[in-house]
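Below is one structure, written out as structure tokens, with a few remarks after it.
The values are calculated or read from the model by the stated rules, or taken from the named source; none is laboratory data. Note that the coordinates shown come from a computational prediction; the quantities given were computed from them, not determined experimentally. Cβ: placed from backbone, ideal geometry, glycine included. Neighbour counts: every protein chain shown. Keep in mind that these areas ignore ligands, DNA and RNA; they rest on the heavy atoms of the full protein, side chains included. Shrake-Rupley method; radii C 1.70, N 1.55, O 1.52, S 1.80 Å.
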Amino acid sequence: MGTRWSRSGSSLSLLPERQCSGKRGEDKDSDNDSLDGLGRREDIAQFPYVEFTGRDSITCPTCQGTGRIPSGQVNELVALIPYSDQRLQPQRTKLYVVLSVVLCLLASLLAAFFLFPRSVVVVDDGIRTVTVRFDHSNMKVLMNMTSTLNISNPNFFSMMVESVNCQVLYMNTVIGNQQLDNATTILPLSERQVNYTVSVEIGSSAPYVYAFCTMPSIKVHNIVIFVQTSVKTSYMVRTSQNSLEAYRYIDCGSNTTYHQTAQLLRHLSSTHSPATSLSAPLL
């Protein structure tokens, strides 16, 4: 190769051409390295964020590959916890299952105890008053008989008395009938009295009763009647009907106010059969 003459100022230098070309190559390589580093940084800045956990890795759907969570979704997102994290492992599973079963059984028993329907208790409290009138032209005895029922609600929820039906018989003949359709509500675990009045008429079927009841020589004009009472109640989705039967002694000669206990009425019902009691018209 030849030599190269170079002039710097007033001096001349003789530089080998190979040495000059080597320097130019080194300068070009350093420039290329700097350009490559700058381009590499630009490429890295444009490269999306990827979780390199395996061959089947995918871009994070939350940050869309940017590696940052939007500030507006900070309170809406939850952290991603690995499946193998101990915080996800069940702790005391058997204890929780047993407690859940016990609590469910206890709740079921309590619900069955409080919501199970119990039968309504109806007790005939007897006759309160009897008002007597006479139809002398037709030889009839007219009476208004007021009775009382004690209705108890043993349930833990309210119940309703829909109707009360009462029928009065004398000598197998119906002499009075009354039905009450006024709905009455009874509160839970409470008792209520229901009063009802039955109009009774004794005349053509038993004309001798008029003579007996108007006979002045007799101070007490007692006759026996047979009373059938039915009470219809409803609570929740259930409807029930209670039927009562009892014998009553009433004074048909004058107005009377008295009280007969249920125990006495049951004693009379047990000691007299219906045929025997009804066959005795006068006492």
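The table below gives the values:
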{"item": "Ellipsoid semi-axes in whole angstrom, largest first, where each is sqrt(5λ) of the Cα gyration tensor of the range 121-257", "result": "34, 14, 11"}
{"item": "Full-stretch length increase - Ser234, Phe114 - with 0.36 nm per residue and alpha-carbon distance subtracted", "result": "41.5 nm"}
{"item": "Heavy-atom accessible area per residue - the range 121-257, 1.4 Å, Å²", "result": "48 Å²"}
{"item": "Per-selection Rg to Rh, the range 87-198 - Cα, Kirkwood hydrodynamic radius", "result": "1.41"}
{"item": "Accessible surface of the range 121-257, 1.4 Å probe, proportion on carbon and sulfur as whole %", "result": "49 percent"}
{"item": "Relative packing of peptides 246-256, 131-141 - highest average C-beta neighbours within 10 Å first", "result": "246-256, 131-141"}
